[in-house]
Amino acid sequence: MAAHGVTPATLQRPRRRPRTFPLVMIAPAMLLLALFIAYPIAESVHISLGSWDGIGSVAYRGLANYRRLVHDSLVRQSVVTSLTFFLGTVVFTVAIGCLLANAISREIPGARIFKVVWFLPVIIPVSVAGIFWSNAFQPTTGVVNSVLGSVGLGDGHAWLASSSTAPYATIFVAVWTQTGYAMLILLGAMDTIPPEVHEAATLDGVGAAGRLFRITLPNILPMLGTITTLMSVFSFNAFGVIYAMTRGGPGNSTSILPVLVYKQSFLDQDYGYGSATAVVTTLIVGAIGILVLQVFRQRSLDAR
Amino acid sequence: MRITRTPRATRYTAVAGVLLAAAALLPACGTGPGASSGDGKSLRVQIPTGPMASAMQQVGKDFEKANPGTKVTFEGVDSNSSRGPNAALLSSTATPDIGYLQRSTGVWSTLLKNRQLTQIDDVWTAAGLANKYSKSQTAYYTTDGHHYGVLYEELLIAPIYYNKAAFAKAGIPEPAEHQIASAADFEAMVGKLKTAGYQGFGVGGSSPFDLGHTLDALLPTAVTAEQYAAMLTNFKPGSPTDVKYTDPGFVKVLQTIQDWQRKGIYQKGMLGMDTTQAQALFTSGKLAMLQGGNYSYADLKAAKPSFDIGWFLLPSLTPGRKTPFDAFNGDTLVIPAKAANPALAKKFLQFFMTDKYQVSVVAGGGSLPVFSSIRPSSLSNLGDLVQQQFELSQSVGLVNIWDSTVPSTLGQAFAVPVLQKLVAGKLSPQQAAQQFQTALENLRSGKVSGASD
């Protein structure tokens, strides 16, 4: 070996992998991430540690905004409202989306038309949907009450005027706007299941419900996890629907956290406090998203 | 059953997706000014969207004609933006040369505190504004002896428009001198209207201001003039503390607002209806009365209702007293400190703040001129009902609206959600009053901002 001019040491040295090229390739993406994601987050955290009315420099106040937040009953109420809204929206969106996707996947009569019709609410701007449904829920004149009135259930229900019914009305509209999206994603996942599996199950006498719960759902579990996570994030960020319908009212009964952040920051000009609420909201959303992913990951592993 | 395992990379991507989407909440609190440079010839003027917007186009053309080579463009700002988010634009380098704001909101105090407004004493002098405004208006727009904005219109708050056909059908005579003797009389009127098949008193309960206007209308009738004056100023640190929001007069107002919900005085679903929806219910003929402002009349007429419209003021809560008109003096034009063409902007303000445009643009748009020299009788373009309101305001008195005179952290932005909870029965009048008192004390102590500008 020495005769060839190669020492044992050089033979054992692993070949150096070229490192520069990958770094150059990911640099633009990292730069954009730093500029548009990391910097705004860091800046928001910075603002949350101080007092700022939107202009000039931030006056550092340490954790004062966070201490205030802990004792603020409005924030506590908004957290509860957000969680209620999140649960209602996600459960119904995913469940209905799943049923609709299954119906289309099983090629019910008119499946193609239903696919388009059920997806339509997704492409309607949320502000337009919010204003439409806000009118639809009005007593006497609204479409919802007209329909209820025509079947003898009364047309005078003031859905958005009561703090006990307004949250459900907003959940309904959020579900209406998001279900088509969930349906389309889940339909894509269902279409990857080989038809032979369903055919074999049918021959074995498994009914439609059995096929849904024992074949379809287990096969799309990873996608179900993804869509549940996305819907969780969407529902926590559903500022547009809420603001267009109720502006967080009556009182603060539909004031989910992003609505509260808007009021604190832009109406009260208290950006420090608004940022502190936004940071906490982000942590809650992040925690819920990761929790949902973990739950579905565990289910996927269990189902193997 | 074998399930395809989720690839690790997909999981990481999903987690990253969650975090990125969650993080999208955060940057909403940031601002990003652009860049602009002045050429001394082009002028960007921000104006509120509404009836006056089209009339302002003519002012722009007149200004261009009087100043050859200049070009004026108008940019609209909606009511919601002007109450808060507009501050970011007006303090950035992308600001229009002339900005619109409401003097009572935090936008004014924030810009002023951070030296983002150009001092325009020279405009005031050249246009003779100190002599044309009332003393209280001049005082309101003077900070440390200087001026930073011009008030260009006055609004009359909370006249109640009514459907004359509905009143006739219910056998209710038209209110004499636009006054109702007592709350009991008002409630009896609503009872008759409901019997005749109409809904009663329309308020845009979900809007960010309308329920506050009900409080504004009733408050000066429930407390003494001295107490009312104190309530307009006692948020300032060091001012007397003897008038409290837990005092009987203020509680009586809250009690009345709550009682009217319990007695079915408001329209059905009031808390879920904004001003536009309440207005539509009124013009459709289903609602007999609507709380509005002088600014509402143009919209009501434009809807071409099938009935004639009258108006009156809400009843006094103190027997024997007449209800005064509430005035909102806050619609303001300013020159931001970072305006590209401040000299041209000053020239425009001076050009605009004249009797000519007070009549043709301000009155023409359904608002009230702010120059005390302009008499209501000289106006032919206000609209019949607004002209009446203007004239009555001269005789029954004019008080500054409470919820837009005190800082928004006690006034409108704070008050409306509290009133909504009160009407919804979630708060008793005493509990709501205590919340107002606490907000006042927080302002005075500096715990929340807005007590000084």
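Each value in this text was obtained by applying a stated rule to the coordinates, not by laboratory testing. All of these numbers come straight from a predicted model, not from anything done at the bench. Cβ atoms come from the backbone with ideal geometry, glycine included; neighbour counts cover every protein chain shown.
Quick notes on this structure:
- Put in line by how crowded their Cβ is, counting other Cβ atoms within 10 Å and starting with the fewest, B:Ser92, A:Ser150, B:Ser207 read A:Ser150, B:Ser92, B:Ser207.
- Value of [θ]222 nm, deg cm²/dmol, for chain A, DSSP H segments ≥ 4, -39500 (n - 2.57) each, nearest 500: -21000 deg cm²/dmol
- Gaussian network model of chain A, Cα within-10 Å springs - most flexible of A:Ala278, A:Ala103, A:Ala42: A:Ala42
- Residues of the range B:426-442 with amide N under 16 Å of a point placed 7 Å along Cα→Cβ from A:Arg76: none
- Dividing the mean sequence gap of close Cα pairs (under 8 Å, 6+ apart) by how many residues chain B holds gives a relative contact order of 26 percent.
- Dipole in debye (nearest 20) - the protein assembly as shown, about Cα centre, beta carbon charges: Lys, Arg +1; Asp, Glu -1: 2560
- Average Cα contact separation per residue, chain A, under 8 Å, 6 or more apart, as relative contact order %: 26
- Overall form of the range A:128-219 per C-alpha gyration tensor (a/c, 1.5; a/b vs b/c): prolate
- The residues B:Asp326, B:Asp247, when put in order of fewest to most other Cβ atoms within 10 Å, stand as B:Asp247, B:Asp326.
- For the range B:391-413 versus the range A:238-257, the gap between their alpha-carbon centres in whole angstrom: 27
- Between B:Thr276 and A:Thr84, the distance separating the two model label sites (each 7 Å from Cα on the Cα→Cβ line) works out to 2.7 nm.
- Convex hull projection area averaged over all views, chain B, Cα basis, nm²: 28.8
- Electrostatic dipole magnitude of chain B [Cβ: Lys, Arg +1; Asp, Glu -1; Cα centre; debye, to 20]: 1540
- Distance between the range A:127-193 and the range B:198-258 - C-alpha centres, whole angstrom: 36
- Cut-off under 5 Å, modelled amide H: who pairs with B:Gly76 long-range: B:Ile47
- When the C-alpha to C-alpha distance is required to be over 23 Å, the pairs from B:Lys194/B:Lys263; B:Lys268/B:Lys421; B:Lys41/B:Lys61; B:Lys236/B:Lys426; B:Lys132/B:Lys301 that qualify are B:Lys236/B:Lys426; B:Lys132/B:Lys301.
- Within the protein assembly as shown, percent of DSSP bridges classed antiparallel, to nearest 5: 60
- Share antiparallel - DSSP beta bridges, chain B, percent rounded to 5: 55
- Prolate/oblate/rounded call for the range B:289-395, Cα gyration tensor, a/c under 1.5 rounded: prolate
- Prolate/oblate/rounded label for the range B:361-437 (Cα gyration tensor, a/c 1.5): prolate
- Cβ crowding within 10 Å ranks A:His71, B:His146 as A:His71, B:His146, fewest other Cβ atoms first.
- Subtracting the Cα-Cα distance of B:Arg115 and B:Gln437 from their residue separation scaled by 0.36 nm leaves 112.8 nm.
- Most fluctuating residue given options A:Ala169, A:Ala182, A:Ala208, as computed from a GNM of chain A linking Cα atoms under 10 Å: A:Ala208
- Scattering curve values for the protein assembly as shown, log₁₀ I(q)/I(0), Debye with Cα scatterers, q = 0.05, 0.07, 0.09, 0.11 Å⁻¹: -0.32, -0.59, -0.92, -1.27
- R0 of 51 Å, Cβ-Cβ distance B:Ala229-A:Ile108: FRET efficiency to nearest 0.05: 0.10
- Within a Gaussian network of chain A (alpha carbon springs, distance under 10 Å), most fluctuating of A:Tyr273, A:Tyr66, A:Tyr39: A:Tyr39
- Normalised contact order of the range A:71-169, rounded percent, pairs of Cα under 8 Å and 6 or more residues apart: 14
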